[in-house]
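Here, each number is a calculation from the coordinates, and none is a lab measurement. Please read all numbers here as calculations on a predicted model, not as lab measurements. Using ideal geometry, Cβ is built from the backbone for each residue, glycine included, and neighbour counts are taken over all protein chains shown.
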Amino acid sequence: MERLKVQEGFDVHEYRHGLKLLKEDRETMRLANRDGFACPACGREFEKLLVSEKRTHTFNSPPGPFCLVRTDEQLLLLTH
Ligand SMILES: [Zn+2]
């Protein structure tokens, strides 16, 4: 299982073959995992990924367990 690399920031273009873009705006992207990629935080396969460059976020509770990953410029939220 390939784990998303985040050490030098997350580059969605490295994974576009297996991540389906669901929604995108200026600072956020929502993607679905279509290729069994593993979560950089816990190593398990995730379902959906939010990539954000916004400074603050407010969420309704995501369904089920989720992981947060921080890079220098992005916040990643991965749902399982
Ligand atoms: Zn995880």
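In plain terms, the chain from D25 to E2 could stretch by 5.6 nm, reckoned as 0.36 nm per residue minus the Cα-Cα distance. Take the Kirkwood radius over Cα pairs of the chain, plug it into Stokes-Einstein at 25 °C and 0.890 mPa s, and you get 194 µm²/s for translational diffusion. Once the Cα-Cα distance is subtracted from the 0.36 nm per residue extended length, the E14 to L68 segment shows a gain of 17.5 nm.
Which loop-located trypsin sites (Lys or Arg not before Pro) does the chain contain, where loop means any DSSP state but H, G, I, E or B and the Cβ has at most 10 other Cβ atoms within 10 Å?
Loop-located and lightly packed - R26, R55.
Scanning residues 5 or more positions from E47 or on other chains, those with amide H under 5 Å from its amide H are T79, H80, with H placed 1.01 Å from N in the peptide plane. Taking 0.36 nm per residue of separation and subtracting the Cα-Cα distance, full extension of the segment from E45 to T58 would add 2.3 nm.
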